[in-house]
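The values are calculated or read from the model by the stated rules, or taken from the named source; none is laboratory data. All values derive from a computational prediction rather than experimental measurement. For neighbour counting, all protein chains shown are included, and Cβ atoms are generated from backbone atoms with ideal geometry for every residue, glycine included. These accessible areas exclude ligands, DNA and RNA; they are computed on the full protein's heavy atoms, side chains included. Shrake-Rupley method; radii C 1.70, N 1.55, O 1.52, S 1.80 Å.
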Protein chains: 2
Amino acid sequence: MAKPGLPQGMRDFSAETVRKRNYILDTITSVMKLYGYQPLETPAMENLDTLMGKYGEEGDKLIFKVLNNGLHDPKNAAKTRAGFEKLMEGKNTADLTERALKYDLTIPFARYVAMNHGNLTMPFKRYQVQPVWRADRPQRGRYREFTQCDADVVGSRSLINEVELSLIYHTAFTQLGIAQYRLKINSRKILTALAEKCGGAEKINSLSIAIDKLDKIGLEKVKEELLNRGFNDSQVEIATSFLALSGSNQEKLEAIKKLFENNELASAGVNEINYVLQHTSGIPIDVDLTLARGLDYYTGIIFEAKAPEEVKMGSIGGGGRYDDLTGLFGLPGITGVGISFGIDRIYDVLEEMNLFPASIQQAVSALFINMGTPESEQAFQNAQALRTAGIACEMYPENIKLDKQFRYADKKNIPFAIIMGAQEIASNIALVKDLATGHQEKVDLTHLVEYFSKK
Amino acid sequence: MAKPGLPQGMRDFSAETVRKRNYILDTITSVMKLYGYQPLETPAMENLDTLMGKYGEEGDKLIFKVLNNGLHDPKNAAKTRAGFEKLMEGKNTADLTERALKYDLTIPFARYVAMNHGNLTMPFKRYQVQPVWRADRPQRGRYREFTQCDADVVGSRSLINEVELSLIYHTAFTQLGIAQYRLKINSRKILTALAEKCGGAEKINSLSIAIDKLDKIGLEKVKEELLNRGFNDSQVEIATSFLALSGSNQEKLEAIKKLFENNELASAGVNEINYVLQHTSGIPIDVDLTLARGLDYYTGIIFEAKAPEEVKMGSIGGGGRYDDLTGLFGLPGITGVGISFGIDRIYDVLEEMNLFPASIQQAVSALFINMGTPESEQAFQNAQALRTAGIACEMYPENIKLDKQFRYADKKNIPFAIIMGAQEIASNIALVKDLATGHQEKVDLTHLVEYFSKK
C-alpha cells in the first residue's frame, strides 16, 4: 500500500492558505486590470525545444521533462533506445521527452506572441498568474512548484509603460499594507555605458551578473568575481567607483552625467530614469546604480521591489525593458517592458507583519445547529433562504451533541450559531448565538435574512 | 531556431477565453461557498505510486510521467539503465520517473485526506478547481490538459449532503442560464440488488460498466456486452426488464420495490432517492434507472447532469457517494459524496446557446486618446484619477494617428474614448465619445470620475 506523501518541494494549500494567496493575487491583478492589462493562460507543458537553451546551462538542468507515452511500444523501441543513449550522454532528450513543464512565464509568453502576433492588438498588455516548475534543490522558501505573477506590455516604446508599471507596484503594495516597500530603479543603458568604459559593451552581461550579487556577497567578492571574469585592475577600479556613487536621486544622476560625459547611452539612461521619476512624483523610487538584474534580456529601465526593511526578506518583485522578446522564435524587434511579483515572498512578508485581514477567513456566516428531525427540516429551509440571499451558511448534517456542533463552527471560523428547537420554531424565532462573545439573541424567523444581511 | 508551437492537445487561453472560463468557475464556486465548501489546491505532480493502479490499466497508460533529474549523472547511471530496461518491458518506471502529473482531483484529494485526517475538521467539505493531464488521443472537445471542478464532503453519512449537492447543481446551472439542464439520479444500491439477481453482488462493476454505455451504444449492444461479460441469457433478460422500467419518478420507484420485493439494499436505495427528491422539491430531478456511472468506487446515490436537450452535448457533470475514499492510502472507512462540473462542456454549451454576458468582456471603461505632449500629461492625470476611483482605463501610450487609437479601443472592446486636446484642456473639459453610437459629450474634468462611476 502506498504511504501517502508529497513530492519533495511541493505543497498542498489548505483553505486558509488558498484564501491568503487569493487575497494577494486578487489585489495585484485588480490593480493590473485598472491599467488595461488582460489575462493570458498558457499550458503547463511546452514543447521541449521551446524551453531548452533559454535559461542558460544551469537552467536547462532544472527543467522538468515529461516522458513520452508509448515508449515501450515495439514500433517505437528502436527510437526509444537511441534516445535513451543520448540521455545517458547528457544530450538532447526529445526522443524520450517531447514536452517539458514550463520554467517561467516569460518564454511561454514570447512563444505565444510569436505564434499569434498577427492577431494581437498592439500594444499588447497581458498579465499572467500561473504555476511554474523547477527541479531546484528544495530549501526554506524555495519550492519546486511556485506561482509566478507577471505583467508585460509589448509593442510600445513609450516610457509611460514604465511609469504605469511603477504605479502598479506602488498601488498593489500599498493596498496590501506594505507601503514601506522600496522600489529601486536603474538603467541597463547606463550599465552598458559602464561596460564600454570597462573594455566593451559586450561585457554588459558579465558585468551585470557580478554586480547583481553585490547585495548578497559584498563589494570585495564582487571585485574578485570581476577579476575572475576577465576585467583588469583598472576596469575593476572604474566599476568600483561607479558603484560607490551616492547621494539623492538627482545627485546620482548628475554624477553619472559627469562620469560618462557625452556618452549617448548613459545620457539616454539618465533621461529615461528622469522621465519615470517625474511622472511618478508622490511615490518613492530610489535610483540604485548597483541594481543590475541577472537576466541578459534587459536593455533599458530595470526595477526591483524590496520588502520593507524590518522583515529582511529582500526582493519581492522585479522587471525591466527588453528589446527583443521574440527573436528566438523568429519574430525580431518586439520591444516590451514587464514586472513580476514574488508571490511566496509577499505571502511571507504579510504573514510576518500580520497583515492578512481576518475577514478573509470568515467564509461562512452561520451554522444552523442540527436538533434532529423534524426541527432540522425547518432549519434547512431557513438555511436555503439565507443562501438564496447570498449569505453562506451551513446546517450541521447530523444530529450529534451540541458541543461537537459548536466546535465545528469554531474550527471553521463560523461566527454565529443558529439554534431552532421545537420551542423556538413554535414561536417562529431562532436563537442566534455570537460564538465569540457568547451573547444570544432571539431573531424573528421572518427577519433572519435581513439580520445576517446587515452583519 | 525553434518554430513556435504548442504540444498536441494543449491550449493557450486568450483574455476573452479566460474571462469566459472564469465567469463559469466563479459562478460555480460562489455557489459551493454558499454551502460551506472550502478551497483546496494540491500540486500538479504527485509521487508516481500515489497515482499508479488507481485508474485501471488503460488509465495508467494515460498518466504523464515526469523524468527524474540527474539521470545521466555517473553515480545514477546503473540505476537509470536498470529502470530503462523495466520501462522497455512496460513495467514500473519509478527509477526513471518518481513523479507524475495528476490525472484527476479525486486521488490527490484522497491522498490529502489520508495525510491530514488528524487535523481536518470533519465533516470536511472541499472544492477544488485545477488542471489535470491525460495522454489521451486529442480530438474535438477532448484535451490533454483540462480543468476539473469538484466538490466533495467526507466524514458524513447524512443524505442532506446529497440534497445540498443537488441544490448546488441546480443553483449553479440556473445562474449560468441553463435552467433546462437535466439532473438524473440513481442508486448503486439498487444496481447492486440487480447484480445480486443477475448472479451476484460482486458483478456490480461489470454490470455498471455495461449499463453506463446504454446512451452511447443502445440496448442491443449493451445486451451483447453483458453476454460477453459472462452474464447468461436469463440474467441479461432480468437486466433488460429492469432497464425498461418507465413512468414517473414515483412509478419507477414503486416498480423497483415490486421487482426486488423485500431486498434490503434495493429498498434502502429507493428510500434514499425518495429522501433526496422530497428535500429538493421545486427542482427537477429525474430518476434514471439506466444511470450507472462507470467508476467503481460509487456505493450509494449517483448523479449525472446533462446539457439542455437542444445542444446535444451529453453529460456536463456527475458524481455520487462512495464508502471508502482513502482505504488505498491506509485510512479505511471514510465515506463521502461528491460532484464534478465538466467545465469544457459547459463552456461549449454557453457558447452555443449564446449565454455569456457581453459585459464580462468589457474590462476597460475608457481610452484616453494620446494628443501628444503636453496634452497627454493632463490626460494621464485624469486617467490616474479614474483608476484611483476603481475605474479601469488606459491612455494610448504613443501619439499616433487618431484612427489607429480608436481602432485600438474598438479591438479591446473599450466603450468610450476620451479626447483632451489643447482647446478642451483650456476649457477644463473632455470630449467623451461613445464608440458604439458615435455620440460625443462634453464633460467637465471635475466631473469625469463621477461620470464614469455612473456608467
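Mind checking which residues of the range B:351-372 are among the aromatic types (Phe, Trp, Tyr) and surrounded by fewer than 19 Cβ atoms within 10 Å (Cβ to Cβ)?
B:Phe356
Which of the strands (runs of 3 or more DSSP E) found entirely inside the range A:101-188 contain at least 1 residues meeting this: over 27 Å from A:Asn271 (Cα atoms)?
It comes to A:124-133, A:145-154.
Among the residues of the range B:436-452, is any in a helix (DSSP H, G or I), within 14 Å of chain A (Cβ to nearest Cβ) and not charged (D, E, K, R)?
Yes, the range B:436-452 contains a residue that is in a helix (DSSP H, G or I), within 14 Å of chain A (Cβ to nearest Cβ) and not charged (D, E, K, R).
Being open to solvent by less than 50 Å² (accessible area, probe 1.4 Å) and either more than 25 Å from A:Lys125 (Cα to Cα) or without any contact (Cβ under 8 Å) to a residue 12 or more places away in the chain (or both) is the requirement here; does B:Leu386 meet it?
no
Taking only pairs six or more apart or across chains, which ones have beta-carbon atoms under 8 Å, a first residue in the range B:74-89 that is under 10 Å from A:Met88 (Cα atoms), and a second residue that is charged (D, E, K, R)?
Listed by first residue and then by second, the contacts come to B:Thr80/B:Asp95.
So for the range A:122-129 (the condition being more than 18 Å from the chain's Cα centre (by Cα), open to solvent by 10 Å² or more (accessible area, probe 1.4 Å) and not aromatic (Phe, Trp, Tyr)), does at least one residue qualify?
Taking every residue of the range A:122-129 in turn, at least one turns out to be more than 18 Å from the chain's Cα centre (by Cα), open to solvent by 10 Å² or more (accessible area, probe 1.4 Å) and not aromatic (Phe, Trp, Tyr).
Is it the case that some residue within the range B:327-339 is touching an Asp or Glu at 6+ places or on another chain (Cβ under 8 Å), open to solvent by 30 Å² or more (accessible area, probe 1.4 Å) and away from chain A (no Cβ under 14 Å)?
Yes, some residue in the range B:327-339 is touching an Asp or Glu at 6+ places or on another chain (Cβ under 8 Å), open to solvent by 30 Å² or more (accessible area, probe 1.4 Å) and away from chain A (no Cβ under 14 Å).
With respect to A:Asp348, determine if the residue is surrounded by fewer than 18 Cβ atoms within 10 Å (Cβ to Cβ), assigned by TED's automatic domain parsing to the domain that holds A:Ala179 and under 30 Å from A:Arg21 (Cα atoms).
Here the answer is yes, as A:Asp348 does meet what is asked.
Looking only at the range A:394-427, how many residues end up being of a type in the set (Asp, Glu) and part of a helix (DSSP H, G or I)?
Looking only at that region, the number is 3.
Looking at (1) modelled with pLDDT of 95 or more; (2) open to solvent by 10 Å² or more (accessible area, probe 1.4 Å); (3) of a type in the set (Gly, Ala, Ser), which is the only condition B:Ala44 fails?
Going through the list (1) modelled with pLDDT of 95 or more; (2) open to solvent by 10 Å² or more (accessible area, probe 1.4 Å); (3) of a type in the set (Gly, Ala, Ser), B:Ala44 breaks only (2).
Using the structure shown, decide if B:Met395 is surrounded by 21 or more Cβ atoms within 10 Å (Cβ to Cβ), within 8 Å of chain A (Cβ to nearest Cβ) and out of contact with any Lys or Arg (no Cβ under 8 Å at 6 or more places or on another chain).
The answer is yes for B:Met395.
Take the range A:265-276 and flag every residue that is crowded, with 19+ Cβ neighbours inside 10 Å and more than 14 Å from chain B (Cβ to nearest Cβ).
Listed by number, the residues that qualify are A:Leu265, A:Ala266, A:Gly269, A:Val270, A:Glu272, A:Ile273.
Looking for something under 20 Å from the mean Cα position of the chain (by Cα), of a type outside the set (D, E, K, R) and at negative phi - is there at least one such residue anywhere in the range A:88-102?
Yes, the conditions are met somewhere in the range A:88-102.
For the range B:94-115, how many residues meet the condition of being within 8 Å of chain A (Cβ to nearest Cβ) and open to solvent by 10 Å² or more (accessible area, probe 1.4 Å)?
Of the residues in that region, 5 qualify.
Just one of A:Asn249, A:Asn262 is surrounded by fewer than 15 Cβ atoms within 10 Å (Cβ to Cβ) and at negative phi; which is it?
Only one candidate passes the filter, namely A:Asn262.
Which members of the range B:429-448 meet the condition of being open to solvent by less than 70 Å² (accessible area, probe 1.4 Å) and closer than 22 Å to B:Pro374 by Cβ?
Correct list: B:Ile429, B:Ala430, B:Leu431, B:Val432, B:Lys433, B:Val443, B:Asp444, B:Leu445, B:Leu448.
For the structure I just gave you, tell me whether B:Gly90 is open to solvent by 20 Å² or more (accessible area, probe 1.4 Å) and either modelled with pLDDT of 90 or more or facing chain A (nearest Cβ under 7 Å) (or both).
yes
State whether the residues of the range A:17-31 include one that is open to solvent by less than 20 Å² (accessible area, probe 1.4 Å) and in contact with a Ser or Thr (Cβ under 6 Å, 6 or more places away or on another chain).
Among the residues of the range A:17-31, at least one is open to solvent by less than 20 Å² (accessible area, probe 1.4 Å) and in contact with a Ser or Thr (Cβ under 6 Å, 6 or more places away or on another chain), which makes the answer yes.
For (1) in the same structural domain as A:Gly327 (by TED's automatic domain parsing); (2) outside any helix (DSSP H, G or I); (3) at pLDDT below 95, each residue gets a yes or a no:
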residue: A:Lys20; (1), (2), (3): yes, no, no
residue: A:Asp26; (1), (2), (3): yes, no, no
residue: A:Val31; (1), (2), (3): yes, no, no
residue: A:Lys54; (1), (2), (3): no, yes, yes
residue: A:Glu57; (1), (2), (3): no, no, yes
residue: A:Asp60; (1), (2), (3): no, no, yes
residue: A:Asn69; (1), (2), (3): no, yes, yes
residue: A:Lys75; (1), (2), (3): no, no, yes
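I'm trying to understand the selection: among the residues of the range A:249-291, which are among the small types (Gly, Ala, Ser) and closer than 25 Å to A:Ile209 by Cα?
A:Ala255, A:Ala266, A:Ser267, A:Ala268, A:Gly269
Taking the condition of being under 15 Å from the mean Cα position of the chain (by Cα) and of a type outside the set (Asp, Glu), how many residues in the range A:140-169 meet it?
Qualifying residue count for the region: 12.
I'd like the full set of residues that are at the interface with another protein chain (Cβ under 9 Å from one of its Cβ atoms) and without any contact (Cβ under 8 Å) to a residue 60 or more places away in the chain, limited to the range B:52-67.
Result: B:Met52, B:Gly53, B:Lys65, B:Val66, B:Leu67.
Is it true that some residue in the range B:302-317 is assigned by TED's automatic domain parsing to the domain that holds B:Ile160, farther than 30 Å from B:Pro108 by Cβ and of a type in the set (Gly, Ala, Ser)?
No, there is no match, as no residue in the range B:302-317 is assigned by TED's automatic domain parsing to the domain that holds B:Ile160, farther than 30 Å from B:Pro108 by Cβ and of a type in the set (Gly, Ala, Ser).
All but one of (1) under 23 Å from B:Ala172 (Cα atoms); (2) out of contact with any helix residue (DSSP H, G or I) (no Cβ under 9 Å at 6 or more places or on another chain); (3) in contact (Cβ under 8 Å) with a residue 24 or more places away in the chain hold for A:Gln381; which doesn't?
(3)
Step by step: first the residues of the range B:211-236, then only those that are part of a helix (DSSP H, G or I) and in contact (Cβ under 8 Å) with a residue 40 or more places away in the chain, then the one that is surrounded by the most Cβ atoms within 10 Å (Cβ to Cβ). Which residue is that?
Among those that are part of a helix (DSSP H, G or I) and in contact (Cβ under 8 Å) with a residue 40 or more places away in the chain, it is B:Ile211.
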